[in-house]
Amino acid sequence: MPTYAYACKSCGHRFDTVQSFSDPALTECPTCGGELRKEYGSIGVTFNGSGFYRTDSRAGTSGSSSTGTSSGDSGSSGASSSTGAPAPAAPAAS
């Protein structure tokens, strides 16, 4: 269930409360009985990955798919090469 922040317009008392989406908003301050207002703050949402930016769609999508496949293949070759690189280092240490 979501947490909502409220502030009293009369006394300035601030508090958070957990309420269901279907619950009515609180209207009376528990401290002084004054009128409450909901406070809205910024939320920390970050969208990571491809497809969240305008530049990620259209031509880049089909181009990155073919490029991603080729770079994935060359990346595998690079991994084999880098695996081969430590092998000569091991005989040098022996």
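Observations, loosely collected:
- Test: residue in the stretch 29-38 that is at pLDDT below 90 and in a loop (DSSP other than H, G, I, E, B): no
- Pair list, Cβ under 9 Å, 6 or more apart: the stretch 36-59 residue closer than 25 Å to GLY12 by Cα and hydroxyl-bearing (Ser, Thr, Tyr), other residue modelled with pLDDT of 75 or more and surrounded by 10 or more Cβ atoms within 10 Å (Cβ to Cβ): TYR40/ALA5
- Residues within the stretch 2-28 that are of a type outside the set (A, V, I, L, M), open to solvent by less than 60 Å² (accessible area, probe 1.4 Å) and at pLDDT 90 or above, tallied: 8
- The listed residue being assigned to a loop (DSSP other than H, G, I, E, B), of a type in the set (Phe, Trp, Tyr), at pLDDT below 90 and out of contact with any Phe, Trp or Tyr (no Cβ under 9 Å at 6 or more places or on another chain), out of PHE47, PHE52: PHE52
- Each residue in the stretch 18-28 was checked for being out of contact with any strand residue (DSSP E or B) (no Cβ under 6 Å at 6 or more places or on another chain) and part of a strand (DSSP E or B), and 1 pass.
The values are calculated or read from the model by the stated rules, or taken from the named source; none is laboratory data. Please read these numbers as outputs of a predicted model, since none were measured by experiment. A quick note on method: Cβ atoms are made from the backbone with ideal geometry, for glycine too, and the neighbour counts reach across all protein chains shown. To get the accessible areas, we keep the full protein, side chains included, count just its heavy atoms, and leave off ligands, DNA and RNA. Shrake-Rupley method; radii C 1.70, N 1.55, O 1.52, S 1.80 Å.
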